[in-house]
């Protein structure tokens with residue numbers, strides 16, 4: 001198992017509208033004059049605020065949403081943040097620090113890497129005694145209510161849901177922690193986890209795969225949309241860290257890669273996913289999927305790029 005570690009510095013910035021959070025990375029498609037636009041998002045959180053990052057208005061996501069929450073009682077403007085789910089389900093994932101989540105008369109404290117699943121028609125309050133950095137992933141249009149469930153990273157590390165993969169290629173060795181999976185969490189649409197690399201200059205989310213297995217060129221009942229959120233750092237002082245994220249689509253034989261920097265998120269739904277880091281770069285990422293069909297939550301229903309079927 002690859003031990004989880006904090007990647008990148010604590011960061012927070014100015015509040016931005018969802019429209020300002022969205023920018024389109026441009027990539028040249030090899031052997032053509034075509035330029036592809038890739039939905040990318042500035043995910044830097046805002047101190048003592050619950051800040052929308054990915055919404056239905058600034059993206060093509062049908063179901064998935066991303067919000068960032070950073071709290072610090074020692075900083076100006078601190079107040080607990082309230083969330084009401086309605087027809088949404090969500091998970092709260094602690095990137096750093098610890099947070100207390102209160103629902104009704106019940107409270108739970110989450111440490112770094114821990115997750116709480118909150119189903120429909122709930123009201124939750126997030127607070128903290130110190131610095132905390134939380135990602136809130138949501139799926140809308142959920143029609144079944146499931147109980148609140150807490151997933152501890154340390155406890156999951158001892159189970160089969162901590163899958164070390166990539167052993168055929170040393171640079172692709174990583175542990176995929178499936179924090180919210182069909183095997184351990186009841187939910188309508190959401191699947192979630194974090195992935196940590198064994199070494200700098202790694203290849204993650206490998207082999208290139210696509211969550212529209214009904215395809216290969218379209219999205220049927222088994223399809224899922226997905227967000228990647230990256231934390232990236234360099235082992236070289238003063239270097240600007242980045243990873244290269246594949247955004248080629250099924251049927252395209254050559255990979256098409258875009259630069260992704262620290263605290264950026266990307267819509268990887270429409271193409272193959274694999275991630276390449278330069279030799280000096282360390283990175284980790286959280287990933288969240290929402291199934292097109294409620295209850296179809298097998299994240300392994302994928303289409304691998306032809307020729308890569310045995311590369312896990």
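The values are calculated or read from the model by the stated rules, or taken from the named source; none is laboratory data. Fair warning: this is a prediction, and the values are worked out from it, not measured in the lab. So basically every Cβ, Gly included, is an ideal-geometry build from the backbone, and we count neighbours across all protein chains shown.
Numerical summary
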item	result
So residue 59, is it at pLDDT 95 or above, surrounded by fewer than 19 Cβ atoms within 10 Å (Cβ to Cβ), touching a strand residue (DSSP E or B) at 6+ places or on another chain (Cβ under 7 Å) and outside any strand (DSSP E or B)	no
Selected residue [more than 15 Å from the chain's Cα centre (by Cα) and buried (at least 22 other Cβ atoms within 10 Å of the Cβ)] from 145, 107, 135, 128	128
Residue list for segment 63-75, restricted to those being surrounded by fewer than 12 Cβ atoms within 10 Å (Cβ to Cβ) and either at positive phi or touching a residue at least 60 places away in the same chain (Cβ under 8 Å) (or both)	none
Pairs, first on the phi > 0 side of the Ramachandran plot and touching a residue at least 12 places away in the same chain (Cβ under 8 Å) in segment 156-172, second surrounded by 12 or more Cβ atoms within 10 Å (Cβ to Cβ) and in a helix (DSSP H, G or I), C-beta under 7 Å, six or more apart	166/172
Segment 12-41 - residue that is at pLDDT 95 or above and assigned to a loop (DSSP other than H, G, I, E, B) and, of those, farthest from residue 282 (Cα to Cα)	17
The listed residue being over 21 Å from residue 190 (Cα atoms) and either part of a loop (DSSP other than H, G, I, E, B) or in contact (Cβ under 8 Å) with a residue 12 or more places away in the chain (or both), out of 129, 133	129
Residue check for residue 91: farther than 14 Å from residue 194 by Cβ and in contact with a strand residue (DSSP E or B) (Cβ under 7 Å, 6 or more places away or on another chain)	no
Sole exception among (1) assigned to a strand (DSSP E or B); (2) surrounded by fewer than 21 Cβ atoms within 10 Å (Cβ to Cβ) for residue 158, by number	(1)
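Results for (1) touching a strand residue (DSSP E or B) at 6+ places or on another chain (Cβ under 8 Å); (2) part of a strand (DSSP E or B); (3) surrounded by fewer than 23 Cβ atoms within 10 Å (Cβ to Cβ), shown as yes or no for each residue.
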{"site": "177", "(1), (2), (3)": "yes, yes, no"}
{"site": "185", "(1), (2), (3)": "yes, no, yes"}
{"site": "188", "(1), (2), (3)": "yes, no, no"}
{"site": "191", "(1), (2), (3)": "yes, yes, no"}
{"site": "207", "(1), (2), (3)": "yes, yes, yes"}
{"site": "228", "(1), (2), (3)": "yes, yes, yes"}
{"site": "238", "(1), (2), (3)": "no, no, yes"}
{"site": "252", "(1), (2), (3)": "no, no, yes"}
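Matching residues to (1) surrounded by fewer than 22 Cβ atoms within 10 Å (Cβ to Cβ); (2) free of Cβ contacts under 8 Å to residues at least 24 places away in the same chain; (3) part of a loop (DSSP other than H, G, I, E, B):
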position: 77; (1), (2), (3): yes, no, yes
position: 83; (1), (2), (3): yes, no, no
position: 86; (1), (2), (3): yes, no, yes
position: 90; (1), (2), (3): no, no, no
position: 93; (1), (2), (3): no, no, no
position: 100; (1), (2), (3): yes, no, no
position: 112; (1), (2), (3): yes, no, yes
position: 117; (1), (2), (3): no, no, no
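Every residue, every condition in (1) farther than 18 Å from residue 117 by Cα; (2) modelled with pLDDT of 95 or more; (3) out of contact with any helix residue (DSSP H, G or I) (no Cβ under 8 Å at 6 or more places or on another chain), yes or no:
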| residue | (1), (2), (3) |
| --- | --- |
| 141 | no, yes, yes |
| 148 | no, yes, yes |
| 159 | yes, yes, yes |
| 166 | yes, no, no |
| 177 | no, yes, no |
